[in-house]
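Notes follow once the structure below has been shown.
The values are calculated or read from the model by the stated rules, or taken from the named source; none is laboratory data. Remember, predicted model here, so these are calculated numbers, not experimental data. Here the Cβ positions follow ideal geometry from the backbone for every residue, glycine too, while neighbour counts run over all protein chains shown.
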Amino acid sequence: MTAARETGQVTFGRPARSCFRRFACCAPGVTQFTLLNAIETRRPDSISRLGEILDIDRTTLSLLEKAGLVHLGKAGARRKRELLLTSRGLDQLRAAYPRWQVVQDRLEALFGEGELDDLKAALGKIQP
């Protein structure tokens, strides 16, 4: 028995690494994919807002800007600046979708649709 099991701790290391490894072959990795996808689909009105949505700090998001994957739009209401993907960021996101779909398909095959929905619901309870 592992130390985590003996103490009742929940760990996601091995399963998470297995899923994330599918993204490791080329850019973006799973973290960047999550960020780029959230920017493209949610169109946050500021870096701060995206940080709130994904529960990450501004420093992490600033790295995307430094990497040339995102840029800030013109100042709008209350000096907020929309976060937008650059063409490079959009290209990386589009290139990652097939790998993301492979992971989704494997999870559905492993769990089945009902169990996967249950897993998503259970993991959703962890978020604040």
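For the reader, a short list of remarks on this structure follows.
- Close pairs (8 angstrom Cβ cut-off, 6 or more residues apart or separate chains): touching a residue at least 12 places away in the same chain (Cβ under 8 Å) in the stretch 96-122, exposed (fewer than 12 other Cβ atoms within 10 Å of the Cβ) and of a type outside the set (Asp, Glu) anywhere: 99/25
- Residue in the stretch 30-52 that is more than 24 Å from residue 126 (Cα to Cα) and modelled with pLDDT under 80 present: yes
- Consider the stretch 81-109 and keep the residues that are β-branched (Val, Ile, Thr) and either in contact with a Ser or Thr (Cβ under 7 Å, 6 or more places away or on another chain) or assigned to a helix (DSSP H, G or I) (or both). The one that is farthest from residue 47 (Cα to Cα) is 102.
- The lone exception for residue 89 - which of (1) within 23 Å of residue 39 (Cα to Cα); (2) in contact (Cβ under 8 Å) with a residue 60 or more places away in the chain; (3) in contact with a helix residue (DSSP H, G or I) (Cβ under 7 Å, 6 or more places away or on another chain) it fails: (2)
- Matching residues in the stretch 81-97 - criterion: being crowded, with 16+ Cβ neighbours inside 10 Å and under 17 Å from residue 29 (Cβ atoms): 85, 89, 90, 92, 93, 96
- All positions within the stretch 76-90 that are in contact with a Leu (Cβ under 9 Å, 6 or more places away or on another chain) and modelled with pLDDT of 90 or more: 85, 86, 88, 89, 90
- All positions within the stretch 54-75 that are surrounded by fewer than 13 Cβ atoms within 10 Å (Cβ to Cβ) and closer than 22 Å to residue 97 by Cβ: 68
- Within the stretch 31-56, residues that are touching a residue at least 24 places away in the same chain (Cβ under 8 Å) and in a helix (DSSP H, G or I) sit with their Cβ atoms under 7 Å from residues that are surrounded by 20 or more Cβ atoms within 10 Å (Cβ to Cβ) and of a type in the set (Phe, Trp, Tyr), at 6+ positions apart or across chains, in these pairs: 33/23.
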